[in-house]
Amino acid sequence: MERIFLSRLIITIFLFISSNIIFGQHNYYVFKKEGNPYFKENKKVERGEPFLKTDILIVKKKDTVILVNELGEIFKISEPMSYSFSEIKLYKHKLEEDSFTRKYFKYVWKQFTNQNKRKLESGVVYREKRDIKLKYPIDSAKVYSPEVQFSWNNKTESKEVYFFLKDLEANRTIKLRLNGNSIMLYLDNYLLNSNTEYQWWVDTTPFPDLTQIEFHNLNILDKKEYQKLEEETAVLIKTFKILGFTEEEIKEAICVDYKFCR
Amino acid sequence: MFRDALFSTLLSLFTCYVLSLLFLNLSFFNPIAKALKDFSFLDVYYAEKLSETKKIDSSIVLINVEHKDRMAIALALEEVLKADPKVVGFDIILKEPKGIKADTILADLLNKENVVLSHTTDNEENIIANYPFFAPLEHSGYVNFNFEEDNSVIREFNGLYYNKGLEMESFGYKIAKRYMPKKQWEANNIKDKLRSPRVINYKGDLHKFINFTIDEFMTLSNKSLLKDKIVLIGYLGTPTANINDVEDKHFTPLNTITSGKSIPDMYGVAIHANIISMIIENTFMYRISTFWIVVFTFLCSLIVSIYFIWLSKRLKISYRTVRKLMLLVFTILLVWLTLWLFKKGVVLKSAPIIFVTVFSAGFIKFYKHLIRYIKTKRKFKTYMK
């Protein structure tokens, strides 16, 4: 009896070790990311974070995540959908098909035909505005949605920013310290209320000079106002559809031009 | 015909040798000689990405200190060590004390067993190291890449160096030695391989390694990525990979401009990462010795001489055009062969072979005139008219 137990124990230990060696190769880490991909339960995707077996990766339009495993293999994910741990191996980045010889003769041909890249030199120094640019919702947007994603571009040195949301009716401002470039707020009748006007801005300091800030106005619509605006834009939407524009393009155009964002 | 070809080749080799001495020693030619010294056909391999791998090296993590103060570096190093990496390379020299608090924390952390520090040797063979308060010199490896003067492109590195009779270990050598199991180190015969300068088998720039700034690293909620890895802490630009930032940046064969004026392309810590990666993966390059290059040069020159002497008798009008065309084809094919061998891990310096062979081909005409002159003085058996 003891012998059988011992042999089973040895086999179990052996299987455990070997499975660890085999499956150990499939630890994924985030190598690069673009946009705002996230793991389920709103865990942000950051460079260097592991992709755990229990994680679900959510990639939206314009998002890209590059993962790397222990062997240094690269997995590129850019299609907007959800990915489980086991699916990642299907997205291995393939090697370029151009062969060594073909690349070499392409290079020789380029040299012979003098197809070198033009190099335009200009004697100037760039001074771009190193500040925070508010992205969405655009200024004076009228939004009808159960949640609002606020996003901005941070071109400052500071990684940490302060998000401010001012309720114009209640004259109450909330302030949140954040590390990323976006925040999602829900219509919970506390932070965000329908039929209310807001101002929002992002700053690197917790106490910015309120006379200097650049803010966006935001109007959260209630159902009645939304329906009214829907009726007003119905003809326009129909025309756009006849012209062959997609739903997304129409939505974007109306949001940019008429500030009505659904 | 063989006799003529042999004489012509020997004469051309001798002339070439004399001309090369003049070329290298006359100060008038110095800029050209320098430019040629910095040029290698092999650079095309990296610059044109002829064989780019899509893999990255996941065993080495780079951390960019940007221009953070000592306290920030100390806190980052503390976090790095908590994540249990196998070896930490500290590619920063703290020449003098600066602040008691930060320096004390740093000294404590830098004395950990798995931390390798750096020092450098200047032209007078003086050692520039960390202030002794931080760690003794034995904890550090030299960060000089090679000790060859006048060569600004980092193609080779010295793993071991003998300074005033003492055997010094390089930064990369020391880190790889601590990282690799002793058995593997000995089985791969690393020490013997690194007794002489070795060509660096570059994987790529810093983007071929996982890299973070201190801020990015500190905000990571799960730092398990670093466990059992090599972590190199050094400077990778402000912000990371800034092309206009040239602090601790060097010329490498990966520079997209293979000759002429350009700006340095790779940070020192990324070069160390490439060296370490080559040692731990045992992907050393095998260099063909000068003896064999001389043999190949002689053979190529001889074959080319035989062929062109034969061709000069067969073609009267189109000889010059065909000769130029054939030499062009020969050069293109030899460069292809050199690059293909490089891909396979063999370094063949083809520039002297090409130069001397083309010179020998052009020398046939001179040889012809020489024979005509000799024939006016005495009898000389020759294939040429």
Residue in the stretch A:29-49 that is nearest to A:Phe75 (Cα to Cα), counting only those that are at pLDDT below 85 and within 11 Å of another protein chain (Cβ to nearest Cβ): A:Lys44
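Report yes if A:Lys175 is away from every other protein chain (no Cβ under 14 Å), surrounded by 12 or more Cβ atoms within 10 Å (Cβ to Cβ) and charged (D, E, K, R), otherwise no.
Details: away from every other protein chain (no Cβ under 14 Å): yes; surrounded by 12 or more Cβ atoms within 10 Å (Cβ to Cβ): yes; charged (D, E, K, R): yes.
Against the criterion (away from every other protein chain (no Cβ under 14 Å), surrounded by 12 or more Cβ atoms within 10 Å (Cβ to Cβ) and charged (D, E, K, R)), A:Lys175 qualifies.
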Could you list, in sequence order, all residues of the stretch B:335-348 that are buried (at least 17 other Cβ atoms within 10 Å of the Cβ) and either more than 14 Å from chain A (Cβ to nearest Cβ) or in contact with a strand residue (DSSP E or B) (Cβ under 7 Å, 6 or more places away or on another chain) (or both)? B:Val347, B:Leu348
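Quick check, is B:His67 farther than 30 Å from A:Lys92 by Cα, within 14 Å of another protein chain (Cβ to nearest Cβ), open to solvent by 20 Å² or more (accessible area, probe 1.4 Å) and not polar (S, T, N, Q)? Steps first, please.
On the way: farther than 30 Å from A:Lys92 by Cα: yes; within 14 Å of another protein chain (Cβ to nearest Cβ): yes; open to solvent by 20 Å² or more (accessible area, probe 1.4 Å): yes; not polar (S, T, N, Q): yes.
For B:His67, the condition - farther than 30 Å from A:Lys92 by Cα, within 14 Å of another protein chain (Cβ to nearest Cβ), open to solvent by 20 Å² or more (accessible area, probe 1.4 Å) and not polar (S, T, N, Q) - is met.
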Give me the pairs: first residue in the stretch B:314-334 and within 13 Å of chain A (Cβ to nearest Cβ) and in a helix (DSSP H, G or I), second residue modelled with pLDDT of 90 or more and surrounded by 13 or more Cβ atoms within 10 Å (Cβ to Cβ), beta-carbon distance under 6 Å, and six or more apart or on different chains, which are they? B:Thr331/B:Ile354; B:Leu334/B:Ile354
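Just to verify a result, which residue in the stretch B:249-264, among those that are touching a strand residue (DSSP E or B) at 6+ places or on another chain (Cβ under 7 Å) and touching a residue at least 40 places away in the same chain (Cβ under 8 Å), is surrounded by the fewest Cβ atoms within 10 Å (Cβ to Cβ)?
B:His250
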Residues of the stretch A:52-89 being exposed (fewer than 14 other Cβ atoms within 10 Å of the Cβ) and within 12 Å of the chain's Cα centre (by Cα), in sequence order, are A:Lys60, A:Lys61, A:Lys62, A:Pro80
Kindly list, by first and then second residue, each pair from a residue in the stretch A:207-225 that is without any contact (Cβ under 8 Å) to a residue 60 or more places away in the chain to a residue that is open to solvent by less than 100 Å² (accessible area, probe 1.4 Å) and not in a loop (DSSP other than H, G, I, E, B), limited to pairs with Cβ atoms under 7 Å and residues at least 6 apart or on different chains. A:Ile213/A:Trp201; A:Ile213/A:Asp203
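Identify, from the list B:Leu315, B:Leu311, the residue that is open to solvent by less than 30 Å² (accessible area, probe 1.4 Å), over 24 Å from the mean Cα position of the chain (by Cα) and not aromatic (Phe, Trp, Tyr).
On the way: B:Leu315 fails: open to solvent by less than 30 Å² (accessible area, probe 1.4 Å).
Unique residue meeting the criteria: B:Leu311.
Looking only at strands (runs of 3 or more DSSP E) that fall completely inside the stretch B:98-207, which ones have 1 or more residues that are touching a Ser or Thr at 6+ places or on another chain (Cβ under 8 Å) and of a type in the set (S, T, N, Q)?
Of the strands (runs of 3 or more DSSP E) lying wholly inside the stretch B:98-207, those with at least 1 residues that are touching a Ser or Thr at 6+ places or on another chain (Cβ under 8 Å) and of a type in the set (S, T, N, Q) span B:115-121, B:140-142, B:160-163.
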If only one of B:Asn126, B:Asn130 is open to solvent by 50 Å² or more (accessible area, probe 1.4 Å) and free of Cβ contacts under 8 Å to residues at least 40 places away in the same chain, which one is it? B:Asn126
What are the residue pairs meeting all of these: first residue in the stretch A:30-44, first residue over 17 Å from A:Lys135 (Cβ atoms), second residue at pLDDT 85 or above and among the basic types (Lys, Arg), Cβ atoms under 6 Å, and 6 or more apart or on different chains? A:Val30/A:Arg47
More than 25 Å from B:Pro253 (Cα to Cα) and over 16 Å from the mean Cα position of the chain (by Cα): does that describe B:Ala176? no
Being away from chain A (no Cβ under 14 Å) and either surrounded by 20 or more Cβ atoms within 10 Å (Cβ to Cβ) or of a type outside the set (Gly, Ala, Ser) (or both) narrows B:Lys229, B:Lys208, B:Lys177 down to just B:Lys177
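Only strands (runs of 3 or more DSSP E) wholly contained in the stretch A:61-109 count here; list those with 2 or more residues that are within 13 Å of chain B (Cβ to nearest Cβ).
Numbers: elements: A:64-68, A:74-77, A:81-84.
Because the criterion is at least 2 residues that are within 13 Å of chain B (Cβ to nearest Cβ), the strands (runs of 3 or more DSSP E) in the stretch A:61-109 that meet it are A:64-68, A:74-77.
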Within the stretch A:228-242, is there a residue that is touching a residue at least 24 places away in the same chain (Cβ under 8 Å), in contact with a Lys or Arg (Cβ under 9 Å, 6 or more places away or on another chain) and open to solvent by less than 80 Å² (accessible area, probe 1.4 Å)? yes
Does at least one position in the stretch B:257-273 carry a residue that is touching a Phe, Trp or Tyr at 6+ places or on another chain (Cβ under 9 Å), over 22 Å from B:Ala74 (Cα atoms) and assigned to a helix (DSSP H, G or I)? yes
Across (1) open to solvent by 10 Å² or more (accessible area, probe 1.4 Å); (2) in a loop (DSSP other than H, G, I, E, B); (3) touching a strand residue (DSSP E or B) at 6+ places or on another chain (Cβ under 6 Å), B:Leu236 clears everything bar (1)
Given (1) among the small types (Gly, Ala, Ser); (2) in contact with a Leu (Cβ under 6 Å, 6 or more places away or on another chain); (3) over 26 Å from B:Asp4 (Cα atoms), index of the condition B:Gly345 fails: (2)
Any idea how many residues of the stretch B:39-64 are more than 12 Å from chain A (Cβ to nearest Cβ) and either modelled with pLDDT under 80 or over 24 Å from the mean Cα position of the chain (by Cα) (or both)? 2
Can you pull out the residues in the stretch B:91-111 that are surrounded by 13 or more Cβ atoms within 10 Å (Cβ to Cβ) and of a type in the set (Lys, Arg)? B:Lys98
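Would you be able to say whether some residue in the stretch A:2-18 is in a loop (DSSP other than H, G, I, E, B) and either modelled with pLDDT of 85 or more or open to solvent by 80 Å² or more (accessible area, probe 1.4 Å) (or both)?
Here is the first cut: in the stretch A:2-18, the ones in a loop (DSSP other than H, G, I, E, B) are none.
No, because not a single residue in the stretch A:2-18 is in a loop (DSSP other than H, G, I, E, B) and either modelled with pLDDT of 85 or more or open to solvent by 80 Å² or more (accessible area, probe 1.4 Å) (or both).
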Could you check B:Tyr235 against (1) in the same structural domain as B:Ala76 (by TED's automatic domain parsing); (2) within 21 Å of B:Leu42 (Cα to Cα) and say which number it fails? (2)
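The values are calculated or read from the model by the stated rules, or taken from the named source; none is laboratory data. These numbers come from a predicted model, not from an experiment. In this analysis, Cβ positions are derived from the backbone assuming ideal geometry, glycine residues included, and neighbour counts consider all displayed protein chains. Ligands, DNA and RNA are stripped out before the accessible areas are found, and what is left, the full protein with its side chains, is counted by its heavy atoms. Shrake-Rupley method; radii C 1.70, N 1.55, O 1.52, S 1.80 Å.
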